[in-house]
Every structure is written in structure tokens, then in C-alpha cells.
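This report refers to the structure that appears directly beneath it.
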Amino acid sequence: MKKKVKIDSYNKKILATLHLEGDLTNIELAEKVSLSPSACFQRVKALKEAGYFRTFHADVNLEQICEHVMAYVEFTLHDNSAPSSRRFVSAIQEIPEFMDCMQLSGDVDYMSLSCFPNIKKLNDICTELSDRPELSIKNIKTRIVLERSKWFLGYPLGSLKWLDDNTQESESV
């Protein structure tokens, strides 16, 4: 079991800063959050060990480095039972081109943002999934991304209510 870490104002600043600038050195981060480098390092280590960071990664410019097709893929299932959903999610997790997968309310059961080398590969994978009766897929719709007008640049942590925040007013992070 992971050790719980209290999310005080310093830890909020660390989380909000690293969330948007994951490549900062410890010294740069310490300056931004007004801590000594050693205290900052210990807090970041504790936050990592407690599971507050899922991963660190770089946001690469795909247009500059490779050909690709991005698409939102919508999945509607015949059967929404828990075992059927687990089988579907497990299959999607095995395909790295499906970068995320979200269960939704409404007409569509799941939606995934995907990135494939080309439309043929996207269609081939969707056909392979459809051909697997154990996944209970009723319908797949693909929506090719023509232009990306706004990029995900991080969650709006400054405007969200922190879970362990007992006050009504959120602190500025």
C-alpha cells in the first residue's frame, strides 16, 4: 500500500508546476515553489512514491517527425456487463495506437484518441477488433482529426478543488 502524503500548499505548488513543466531540474523547481533543493527533492520523492505522478513524458511534435493519422474512435458494445467491459478494455490496452480510452455516458460506450501510421492500419485494427466476438462490439465509428486547434497542455489544477482541501476557497497554485 502506498503511503499517503498530505497535500499542503507546497505539495500543491510542486504538483501544479511539475504537471506543466516536467523537465525542470530540482534546483529550478525548488526556486519556483520557494523551498530548499533538499526539501523539494524529498517532497517530490514522497509524491512519486505515493502515486501522485503517473509518469513523466515529453510531448513530441508529431508533425515534425513522422507521418501519422489521429482519430477519435467510438465504440458501442452489445453488452455492457462488467465482464464484457473488462474484456474490451483489456483488448484496447494491448494496442498502443489507442492512446487513451474513456467510458462515456450516452449513445457511445467508449471513446479513444488514437494515432496510427495511416488510415489503412487504423481500419485494419478496427476490423480485427470487430471480428472478435468476445469483445461484444456492436459498432465502431472513426472520426479523423483534420486539424488540432488546441493541444492538451495540462489539467487546470489551479481551478479544481483539491480532495483534501477543507476550505471553500481554493489556494492559488
Quiz item: So how strong a dipole does segment 1-155 carry about its Cα centre when Lys and Arg Cβ are +1 and Asp and Glu Cβ are -1, to the nearest 20 debye?
Solution: 840
Quiz item: Which trypsin sites (Lys or Arg not before Pro) from segment 62-158 combine a DSSP loop assignment with at most 12 other Cβ atoms within 10 Å?
Solution: Arg148, Lys150
Exercise. Go through segment 1-92 and name the GluC sites (Glu not before Pro) that are in a DSSP coil and have 11 or fewer other Cβ atoms within 10 Å of their Cβ.
Key: Glu67
Self-check item: Fraction of accessible area attributable to carbon and sulfur, segment 51-173 (%, probe 1.4 Å)
Solution: 51
Quiz item: How much accessible area does Met111 have with a 1.4 Å probe, in Å² rounded to the nearest 10?
Solution: 40
Quiz prompt | Partner lysines for Lys120 [C-alpha distance under 20 Å; skip if fewer than 8 residues away on the same chain] | solution = Lys141
Quiz item: Of Cys66, Phe116, Phe152, which is farthest on the positive side of the dipole of the chain, counting Cα position, with +1 on Lys and Arg Cβ, -1 on Asp and Glu Cβ, and the Cα centre as origin?
Solution: Phe152
Quiz item: Which lysines have a Cα less than 30 Å from the Cα of Lys32, not counting those fewer than 8 places away in the same chain?
Solution: Lys2, Lys3, Lys4, Lys6, Lys12, Lys13, Lys45, Lys48, Lys150, Lys161
Exercise. May I ask you to evaluate 6.51 cos²θ - 1.76 cosθ + 1.60, the Karplus curve with θ = phi - 60°, for each residue of segment 105-111 and list the ³J(HN,Hα) values in order in whole Hz, giving x for glycine and proline?
Key: 8, x, 5, 9, 7, 9, 9
Practice problem: Find, among the chymotrypsin sites (Phe, Trp or Tyr not before Pro) in segment 69-173, those assigned to loop by DSSP (not H, G, I, E, B) with at most 14 other beta-carbon atoms within 10 angstrom. | Solution: Trp151, Phe152
Quiz item: How fast does segment 51-173 diffuse by Stokes-Einstein, in µm²/s, taking the Kirkwood radius from C-alpha pairs at 20 °C and 1.002 mPa s?
Solution: 126
Quiz item: For segment 150-162, in order, what is each residue's ³J(HN,Hα) by Karplus, 6.51 cos²θ - 1.76 cosθ + 1.60 with θ = phi - 60°, in whole Hz (x at glycine and Pro)?
Solution: 9, 9, 5, 10, x, 6, x, 4, x, 10, 9, 7, 6
Exercise. Determine the equivalent ellipsoid of segment 3-109 by diagonalising the alpha-carbon gyration tensor, then write out the semi-axes as square roots of 5 times the eigenvalues, largest first, rounded to whole Å.
Key: 37, 20, 11
Exercise. Enter the Cα centre distance for the pair segment 127-165 and segment 60-103, rounded to the nearest angstrom.
Key: 8
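The values are calculated or read from the model by the stated rules, or taken from the named source; none is laboratory data. Bear in mind that the values here come from a model prediction, so they are computed numbers and not experimental data. All Cβ positions, glycine included, derive from the backbone under ideal geometry; neighbour counts span all protein chains shown. These accessible areas exclude ligands, DNA and RNA; they are computed on the full protein's heavy atoms, side chains included. Shrake-Rupley method; radii C 1.70, N 1.55, O 1.52, S 1.80 Å.
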